[in-house]
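Accompanying notes for the structure given below.
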Amino acid sequence: MLKRIWLVGVAAATMAGAGAVQAQTATPGPDDVYELGELTVTARNRQGERVGGEIIRGEDLRRFDRVSVDQALDLVAGAASGATGGSRNERLVFIRGFDRFQTTLSIDGVRVFLPADNRIDFARFLTADLSQVQVSKGYVSVLDGPGGMGGAINLVTRRPTAPFEGELRAGAGFDADLGVASRSLSGRLGGANDHGYAQISGAWNDRDHWSLPDDFQPTALEDGGERDRTATEDWRFNVKLGLTPNADDEYSLTYTRQEGSKNAPTHVGDTANRRYWSWPYWNLDSLAFLSRTGLGETAWLKTRLYRNTFDNALFAYDDARQTSQTSRRAFRSYYKDQAVGGNLEIGLRATTDDTLRAAAYWRRDEHVERQQSFAPAPFTEPNQVTVENTYSLAVENTHAFGQSLDLIVGASIDWRDLKRAEDFNDGRFVQHPLTDDTVVNYQAMLVYRPNTMAEVYASVSSRARFPTLFERFSSRFGTAIPNPGVTAERAVNYEVGGWYEPRVDLRLEGAVFYSDLDDALIQVPVDLGPPFGVINQTRNAGSGRYYGLEATGRMQLTPELALNGNYTWLKRTIDNPSDPNFRTTDAPEHKLFAWLDWRVNDRVVLTPSLEAWSGRWTYAVVAPQGYYKIDDAVLAHLSAQVVLTHRVDLIIGARNLMDELYVVTDGFPEEGRNFRADLRMRF
């Protein structure tokens with residue numbers, strides 16, 4: 001109770017003094033932003049400026065020690081990271097309560113989509129070589145293609161701007177006792193002139209383990225100290241070649257290879273459902289062509305063409321040491337996916353008051369899976385193939401009414417076409433029904449600027465997202481009935497927001513939002529009678545409401561000291577007719593992130609920060625089973641940036657300074673006090 005009171009008090013004091021992270025991260029990024037990789041993830045006013053949404057700068061990712069994308073999203077209002085728990089224990093992100101299925105992830109505008117289930121583990125995506133992270137909340141431009149029902153995330157890489165430039169970074173993470181827990185290395189080398197650019201970059205992160213807080217009480221499954229099975233390794237390699245024949249045109253070819261391997265810690269108290277899973281590889285590969293061509297003085301054409309692959313292996317073992325695979329629960333599952341596609345966008349400034357954009361999107365996904373089992377006898381399934389095409393046509397217009405009022409309207413039609421859907425059950429192939437689905441999306445936004453110190457906007461956006469193959473066809477290890485006829489779910493998002501900057505040392509931003517969910521995809525119990533009993537099926541049987549507010553800001557207290565902060569209040573309800581006790585899990589109702597920028601002198605900047613949230617709902621798998629609220633959490637962090645020379649700097653940081661014992665999902669305690677050092681050299 002005392003912690004809750006303290007949290008509310010800190011939130012109120014922070015908001016009264018300033019507001020939040022967005023004011024810091026919304027400032028334009030450095031000149032090395034790869035502009036072809038940016039998305040129209042939010043509405044743009046007549047000047048092309050972003051309205052709503054947020055941008056996290058690469059420098060902020062570094063100084064707050066946000067190594068992966070899930071950690072990065074905790075910096076902004078309206079977003080929160082989480083974990084699935086269970087056997088997979090993947091890292092999640094929520095944008096105003098919408099999960100990884102209802103939001104999209106892109107790298108340089110190229111969609112990352114896993115066709116089988118789209119269960120993206122956001123911890124696999126490193127941030128070291130990013131120039132910025134674009135975050136859209138609620139209003140996602142229809143020009144971005146299908147999905148984006150509740151939000152969109154775009155990871156924008158860097159591009160060179162000087163004839164020769166480079167950067168090298170080396171870092172290490174440490175436990176509370178200063179034992180080495182992780183190592184990282186990243187760098188880039190490239191150059192640019194009036195005719196083009198070339199760059200090679202990469203990032204590597206190897207985590208041996210992470211450690212639990214000292215207050216953790218050992219259990220039969222976890223003895224404390226170094227958390228069992230928390231080893232991970234990820235690396236990414238990127239090559240970028242570009243031609244810039246004139247000021248209006250740019251043509252770029254990029255290749256990215258990303259590889260990862262990970263283990264999965266288990267529930268610390270669930271002895272009845274122990275599963276020992278690991279992923280020996282979790283790999284992505286992308287080859288993309290991006291361009292922008294000026295068509296006279298008033299029109300332009302943008303293109304993205306790409307080929308992506310996803311290779312994944314999941315191994316299930318009999319034992320904690322992961323040395324034996326002999327039982328019925330042991331298996332080896334392999335995914336091998338490929339996507340080819342692209343999108344075209346044409347823009348036209350028809351008059352001084354009108355800008356019209358139209359876009360076409362196409363993607364072909366091929367999913368290939370097989371599984372090897374070991375009991376009652378070794379057996380390997382043949383490859384099972386699923387092929388699906390997804391399309392979208394969109395149009396968006398921005399009209400200016402005088403000098404202070406803009407109206408942005410957009411609409412799109414999305415459709416999917418299932419070409420092939422195979423499964424292998426009981427020794428024979430199963431051909432699933434080839435169903436199709438079509439949805440129409442629409443959105444509008446009014447932007448009003450009463451003067452140069454303020455802007456307000458109001459928007460409505462109705463977006464739908466198609467169910468994945470997993471939701472349509474998976475039997476979930478015999479616990480679910482496939483439902484090929486399940487269709488898209490939809491959210492209508494309403495938002496009113498704006499910013500106010502009465503003077504250069506004070507900026508406040510905020511928004512209130514409301515989302516209405518319809519045809520929500522939920523698990524419904526179905527009684528099949530003896531001998532099967534009750535089993536679940538995915539159906540369009542739910543409805544819901546997400547609503548809340550965000551407030552962010554920045555206040556320059558003295559020339560050397562600035563106060564920043566953001567606060568989010570979020571309420572979520574899902575009406576599940578089959579379960580009156582159902583609760584929405586994983587996203588907190590209250591969330592606060594606040595920090596100080598303290599320039600001690602010309603060489604040293606200190607950044608103390610506070611991260612806090614109220615309890616979130618979760619589900620207890622150990623008796624007494626059921627929904628309950630996790631305790632509040634308050635985490636204190638500190639980083640120091642030291643300029644050693646004009647080309648070399650050092651960041652030393654500490655996270656969870658008070659060694660807080662906390663969880664974000666039932667049975668999975670998070671990392672205790674830890675430290676990090678990061679050395680960067682630029683040339």
Within segment 96-154, take every residue that is among the hydroxyl-bearing types (Ser, Thr, Tyr) and within 12 Å of the chain's Cα centre (by Cα) and give me the one that is nearest to Ile574 (Cα to Cα).
Thr103
Anything in segment 416-432 that is in contact (Cβ under 8 Å) with a residue 24 or more places away in the chain and open to solvent by less than 40 Å² (accessible area, probe 1.4 Å)? List them, or say none.
Arg416, Asp417, Leu418, Ala421, Glu422, Asp423, Phe424, His432
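Condition check ((1) modelled with pLDDT under 95; (2) in contact with a Phe, Trp or Tyr (Cβ under 6 Å, 6 or more places away or on another chain); (3) part of a helix (DSSP H, G or I); (4) open to solvent by less than 20 Å² (accessible area, probe 1.4 Å)) across all residues:
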position: Val8; (1), (2), (3), (4): yes, no, yes, no
position: Ala16; (1), (2), (3), (4): yes, no, yes, no
position: Pro28; (1), (2), (3), (4): yes, no, no, no
position: Gln47; (1), (2), (3), (4): yes, no, no, no
position: Ile55; (1), (2), (3), (4): yes, no, no, no
position: Asp70; (1), (2), (3), (4): no, yes, yes, yes
position: Ala77; (1), (2), (3), (4): no, no, no, yes
position: Leu105; (1), (2), (3), (4): no, no, no, yes
For the structure I just gave you, tell me whether Ala330 is open to solvent by less than 30 Å² (accessible area, probe 1.4 Å) and in contact with a Ser or Thr (Cβ under 8 Å, 6 or more places away or on another chain).
yes
If only one of Thr352, Thr398 is open to solvent by 60 Å² or more (accessible area, probe 1.4 Å) and farther than 30 Å from Leu434 by Cα, which one is it?
Thr352
Here is a list of conditions, (1) within 29 Å of Thr584 (Cα to Cα); (2) among the β-branched types (Val, Ile, Thr); (3) at pLDDT 95 or above, and Thr558 meets all of them except one; can you say which number that is?
(1)
Residues that are modelled with pLDDT under 95 and buried (at least 22 other Cβ atoms within 10 Å of the Cβ): does segment 433-443 have at least one?
no
Looking at Ala198 and the list (1) in a strand (DSSP E or B); (2) touching a residue at least 40 places away in the same chain (Cβ under 8 Å); (3) open to solvent by less than 30 Å² (accessible area, probe 1.4 Å), which single condition is not satisfied?
(3)
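Listed here are the residues, each with its yes/no results for (1) farther than 30 Å from Thr266 by Cβ; (2) small (Gly, Ala, Ser); (3) open to solvent by less than 20 Å² (accessible area, probe 1.4 Å).
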| site | (1), (2), (3) |
| --- | --- |
| Thr645 | yes, no, no |
| Gly653 | no, yes, yes |
| Thr665 | no, no, yes |
| Arg673 | no, no, no |
| Ala677 | yes, yes, no |
Picked from segment 466-500 (must be in contact with a strand residue (DSSP E or B) (Cβ under 6 Å, 6 or more places away or on another chain) and among the polar types (S, T, N, Q)), the residue least open to solvent (accessible area, probe 1.4 Å) is Asn493
Just one of Phe424, Phe429, Phe466, Phe513 is closer than 30 Å to Pro382 by Cα and within 25 Å of the chain's Cα centre (by Cα); which is it?
Phe466
Got a number for residues in segment 591-621 being surrounded by fewer than 21 Cβ atoms within 10 Å (Cβ to Cβ), assigned to a strand (DSSP E or B) and not hydroxyl-bearing (Ser, Thr, Tyr)?
12
Look through segment 505-529, keep the residues that are part of a strand (DSSP E or B), of a type in the set (D, E, K, R) and in contact (Cβ under 8 Å) with a residue 12 or more places away in the chain, and return whichever of them is most open to solvent (accessible area, probe 1.4 Å).
Asp518
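The values are calculated or read from the model by the stated rules, or taken from the named source; none is laboratory data. A quick note: this is a predicted structure, and the numbers were derived from the prediction, not measured. No Cβ is skipped: glycine too gets one built from the backbone with ideal geometry, and neighbour counts run over all protein chains shown. Accessible surface areas use protein heavy atoms only, side chains included; no ligands, DNA or RNA. Shrake-Rupley method; radii C 1.70, N 1.55, O 1.52, S 1.80 Å.
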